[in-house]
Structure formats: C-alpha cells, structure tokens
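What follows is a single structure, written as structure tokens, with notes after it.
Every number here is computed from the coordinates shown, using simple stated rules; none is lab data. Here the structure is a predicted model, which means the values were calculated and not measured. All Cβ positions, glycine included, derive from the backbone under ideal geometry; neighbour counts span all protein chains shown.
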Amino acid sequence: MPVLQRHGRYDVRGGPATFPGLPAVDRRLFVPEDVWVVEDGEWRVLSRSADPAAWEEQVAADAAVTTHLKDGTWPTSSSSAPSVMARMIAALRLEPGMKVLEIGTGTGWNAACLAALGAEVVSIEVDEAIADRARTNLRNAGHESVRVFFGDGEHGAPDAAPFDRVISTAAAQRIPYAWVEQCAEGGIIVTPYTGVGHVDALLVLTRTGNAARGRVEGNASFMPLRGQGVSPMERRAIESHDDLRITVTRTGQSISYGN
Ligand SMILES: C[S@@+](CC[C@H](N)C(=O)[O-])C[C@H]1O[C@@H](n2cnc3c(N)ncnc32)[C@H](O)[C@@H]1O
C-alpha cells in the first residue's frame, strides 16, 4: 500500500493495472509489447520482454502510453491517461444498455471500459492495423461484443446509428456534424477540442433538435483527429477560454464566450 500512495498509482505486481474511476479492466491486456518513451529528449522503444519492470511501470502510471509514432517523431496512437479517461466517461453520464459511438479505438482499452459499464459499443479507428490489433485485444479480454470498424471516424457509423452517446478520443478542431446527426435527441457528445478559443478543452455537448450545444468541462490534451491537426505555430496563437461555448449545426460551428 505505501508504494501505491507514494507513486499515486496502482501496484501492478500484485494484481491487474486498474485505476480509480474506471471499471476493473486490466490495461496490460491492451497496451502492446512495444511502447515509446522519451529519454534524453529522444523517443526510444521500450519492450515488455526486454524490460518488464519498466514496461509495467509505464502501464501502471496515470499517464498516456505512446503506442505508435509517425516518422519517429509524432505520436499517432496511444493509450490515454486513465484519469482523463475516467473524467470523459463520467461526463458521458452513461447508463447500462446505452449505445455508444467511440472515435479512435487505439488499443481498445477505453472501448472495453465502456463495455464493462454495460454499454453497447461501436468504435472506429482510422488505422487498419491498429483496428485489427484492438479487435484481438478486445477478444482476448472477453469484450468481443465491441464492434470495431476501420474508417474515418469523422463520418461516424451511419449504419449503426443512432447512438445515445458519442465519445471521441482524438481532438477535434471542427466537430463533425455526422456526430450530431447520429446522436439521439438529448444525447451527449464528449470530445477533446483544439481550435478557436481553446488549445486543450474537454467539450461536452448535448444534442437538441438539429444542433448540439456545449461547453468546456476541464482540460484534455489529445492527439488530433487525422486531418484536423493544428500546427505548433497555430497552437501558440490560440488563447484558451474556459467559458467557451460551442454550437454545432449542419452548416458549421459557432463559438461564444460567457456563462
Ligand atoms: C489517443 S488514441 C485513442 C486511445 C484509445 N481510445 C484507447 O483506449 O487506447 C487516438 C486514436 O484515434 C485514432 N484516430 C485519429 N483520427 C481518427 C479518425 N479520423 N477516425 C478514427 N480514428 C482516428 C488514432 O489512429 C489513434 O489510434
């Protein structure tokens, strides 16, 4: 116990890597053998077989674990930080039996957590190899009921709609109207947002009629939806407002400020 308190994390030596606020789904069943860590300012691979203790430490920490890099520089997939996942899942106000669309399957761990809470989960991943791997992880963890589609999550999953809830685990700059359209009346959309008015917001929107309206509920720093990235220079120019409000309609999104 002292170890847990000192490091503020769960001790995986004695049991599975599970976290406060999340259902007991072992993260180790989803994080791949090879992960990426920064050492002396450089990315390097950390293999579970080569250094099991260091790998376990990464997976047990309340931090994102990078699983894929592009050009040896840009993280393109990761297992999100558990406490951020817990906040996002809480913001969904899930009830058992609800149908949930997740954008950004990644390792499949968040999808498994949603399923463990009784949701019927459809998840979309833009990288085919990552989607395949997530299906295997989900099957091995006993969550074969989760449907994983390979495709661009900006289009949602029209054939499986409507959804009671939509959760994106990649940051949007322009919230796709498909998410609004495929969310049931009164349903909730939770997404990280990087764009006009905020660099790293967690947005929570509710669908009413033909629009979704929402506001910031804390911070969430995520890699962008593929095709929606903001350059470092653009990012530096963004001023963050925690009182940002957003309305998404078929013709686009509008921003306002104030409570
Ligand atoms: C932070 S990771 C997701 C973490 C994941 N939910 C988990 O539990 O491991 C973001 C994922 O979103 C995927 N992604 C990015 N853009 C996407 C898009 N347009 N449609 C679907 N997936 C996308 C990336 O390939 C990446 O796997």
ask   = Along the Cα-to-Cβ line of N259, 7 Å from the Cα, sits a label point; which residues in the stretch 209-233 have backbone N less than 18 Å from it?
value = 214-219
query = Taking the Cα centre of the chain as the origin and placing charges on Cβ (Lys, Arg +1; Asp, Glu -1), which of L94, L117, V196 is farthest toward the positive end of the dipole?
reply = L94
task = Sort 154-161, 109-116 for me by packing, meaning the mean count of neighbouring Cβ atoms within 10 Å per residue, highest on top.
result = 109-116, 154-161
task = Could you let me know the centre-to-centre spacing of the stretch 68-127 and the stretch 205-251, using Cα atoms, in angstrom?
result = 18 Å
ask   = What is the spin-label model distance, in nm, from H241 to S145 if the labels are put 7 Å beyond Cα along the C-beta direction?
value = 4.3 nm
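Please tell me the relative contact order of the stretch 82-257 in percent, rounded to the nearest whole number, where contacts are Cα pairs under 8 Å and at least six residues apart.
Values: 402 pairs, mean separation 31.0, N = 176.
Normalised by residue count, the contact order of the stretch 82-257 is 18 percent.
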ask   = By how many degrees, between 0 and 90 and to the nearest 10, does the Cα long axis of helix 82-92 differ from the longest principal axis of the chain?
value = 30 degrees
task = Using the number of other C-beta atoms within 10 angstrom as an exposure proxy, rank T136, T191, T107, T18 with the fewest first.
result = T136, T18, T107, T191
query = Can you give the angle from 0 to 90° between the axis of helix 128-140 and the longest principal axis of the chain, with both taken from C-alpha atoms, to the nearest 10?
reply = 60 degrees
key: Global form of the stretch 31-103, assessed from the alpha-carbon gyration tensor, a/c cut-off 1.5   = prolate
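Taking the Cα centre as origin and putting +1 on Lys and Arg beta-carbons and -1 on Asp and Glu beta-carbons, what dipole magnitude results for the chain, to the nearest 20 debye? Mind showing how you got there, number by number?
Numbers: 25 positive and 32 negative charges, 106 e Å.
That gives a dipole near 500 debye.
Using 0.36 nm per residue, how much length does the chain from E33 to A54 gain when fully extended, once their Cα-Cα distance is taken away? Walk me through the numbers on the way to the answer.
Working: separation 21, 0.36 × 21 = 7.56 nm, distance 1.18 nm.
Gain in length upon complete extension: 6.4 nm.
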task = Could you list Y257, Y193 in order of exposure, starting from the residue whose Cβ has the fewest other Cβ atoms within 10 Å?
result = Y257, Y193
ask   = If we sort 65-78, 205-218 on the protection proxy, mean other Cβ atoms within 10 Å, highest first, what's the order?
value = 205-218, 65-78
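Ranked by Cβ crowding within 10 angstrom, fewest neighbours first, how are R133, R139, R174, R44 ordered? Walk me through the numbers before you get to the answer.
Numbers: R133 22, R139 12, R174 15, R44 9.
Sorted ascending by nearby Cβ count, the order is R44, R139, R174, R133.
If r is the Cβ-Cβ distance from T249 to T136 and R0 is 30 Å, what FRET efficiency results, to the nearest 0.05? List each step's numbers first, then the result.
Numbers: r = 39 Å, r/R0 = 1.30.
Efficiency computed from Cβ-Cβ geometry: 0.15.
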